[in-house]
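Engineer: Below is the structure I would like to discuss, written out as structure tokens.
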Amino acid sequence: MVRGASIVLVLAGAAAASPVAAGPWTREQATAQFILKYEVMRAERGFDPDGNSLPLLRERRDTSLSLYAEYGLTDRLTVVFRSEWQTGSDAFVDYEGRGPLEIGLSWQIYRDTKNAVALQVTYADGGEGRNAGYAAPGEGTGDWEVRLSAGRSVTPDRPLLGMQSLFVDIQGARRFRQGLDDETRLDVTLGSRFGRDWMVLSQVYSGQVDNGGPRWLSAETSVVRDLGDWSVQLGWRTALAGRETPQSEGWVVGVWRRF
């Protein structure tokens, strides 16, 4: 695996409540990673049932502070955890409270020097915040998600356009919700490392709710700087298309610590 590929481990949907995802590369036994992330999303427009962009009655704001953790139980089995505190407002509600509390296990199905495949099962306990980005605060109770991730990392013989290594991570998931319709998700990440301490991530998040419900397509670009066992991340996320979802955009700031 390329150095820093674990940066991909928490990449989440923008329109739906962010899932906890370990990605295709599980952690080595007895190693851990913690990520504290702050996100501020605002929207003055939204996508209607036909996918058209229209002005909202009032600006929508969603702010979250989340903590993600993962720990290698064995070299092939990783436990993951995520919790967040949310505040926000729109034309109909002001809210503050805990978001979904998630815990899961990721199993390394296959791994060699370049490729990796993992299967993850996660349970989420709904909170008072937005348990799904398209739903009102507090809607949705408990969810199960099954996620299959596949990744490939490449290190060229010589730097390519300054890039010393590349990786791609493709994740498909099925989320079984209580109190809301089920969802299908597809998330893709392309990462490139420049030098020893810099990485650029380009990510696309997409999803579709069953029975003709909301759908979303968002993109995020982040720059990550390694500082020994720490990393800092700064990114920008924007909604590209959707249906019955806000056209949100905003900053993502993260602090990472590896043990």
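The values are calculated or read from the model by the stated rules, or taken from the named source; none is laboratory data. A quick note: this is a predicted structure, and the numbers were derived from the prediction, not measured. When we count neighbours, we look across all protein chains shown, and the Cβ atoms used for this are built from the backbone with ideal geometry, even at glycine. Heavy atoms of the whole protein, side chains included, go into the accessibility calculation; ligands, DNA and RNA do not. Shrake-Rupley method; radii C 1.70, N 1.55, O 1.52, S 1.80 Å.
Engineer: Please work out the average accessible area per residue across region 21-67, using the 1.4 Å probe convention, and give it in Å².
Structural biologist: 51
Engineer: Determine the share of the chain's accessible area contributed by carbon and sulfur atoms, expressed in whole percent, with a 1.4 angstrom probe.
Structural biologist: Within the chain, the accessible surface is 60 percent carbon and sulfur.
Engineer: Here is a follow-up. How high is the relative contact order of the chain, given as a whole-number percent (alpha carbon pairs under 8 Å, six or more residues apart)?
Structural biologist: Once divided by the residue count of the chain, the mean separation gives 20 percent.
Engineer: Take GLN29, project a point 7 Å from its Cα along the Cβ direction, then tell me which residues of region 61-77 have their backbone nitrogen under 16 Å from it.
Structural biologist: Backbone N within reach: 71-77.
Engineer: Starting from the residue with the highest accessible area, list THR141, THR245 in decreasing order, probe 1.4 Å.
Structural biologist: THR141, THR245
Engineer: Per the Debye formula with a single identical scatterer at each Cα and no solvent contribution, what log10 I(q)/I(0) holds for region 144-228 at q = 0.11, 0.13, 0.16, 0.26 Å⁻¹?
Structural biologist: Reported log10 I(q)/I(0), two decimals: -0.42, -0.55, -0.72, -1.22.
Engineer: Please report, to one decimal in angstroms, the Kirkwood hydrodynamic radius of region 33-147 built from all distinct Cα-Cα pairs.
Structural biologist: 16.1
Engineer: Any idea what the dipole of region 112-159 comes to, in debye rounded to 20, about its Cα centre with Lys/Arg Cβ at +1 and Asp/Glu Cβ at -1?
Structural biologist: Dipole of region 112-159, to the nearest 20 debye: 380 debye.
Engineer: Counting only heavy atoms of the protein chains, get the accessible area per residue of region 146-198 (1.4 Å probe) and round it to a whole Å² value.
Structural biologist: 55
Engineer: Okay, next question. As a test of reading the structure, rank ASP169, ASP157 by solvent-accessible area (1.4 Å probe, protein chains only), most first.
Structural biologist: Descending order: ASP157, ASP169.
Engineer: I've got another one for you. Going out from 0 in 5 Å bins, what whole percent of all Cα-Cα distances in region 32-82 drops into each bin?
Structural biologist: Taking all Cα pairs of region 32-82, the binned fractions are 5, 16, 15, 12, 11, 10, 10, 10, 8, 3, 0 percent.
Engineer: Suppose we flag GluC sites (Glu not before Pro) only when DSSP calls them loop and at most 14 other Cβ atoms lie within 10 Å. Which is the longest uninterrupted stretch of the chain?
Structural biologist: 140-259
Engineer: With the Cα gyration tensor of region 91-195 giving a ≥ b ≥ c as the square roots of its eigenvalues, does the rule (a/c under 1.5 for rounded; else a/b larger than b/c for prolate; else oblate) give rounded, prolate or oblate?
Structural biologist: prolate
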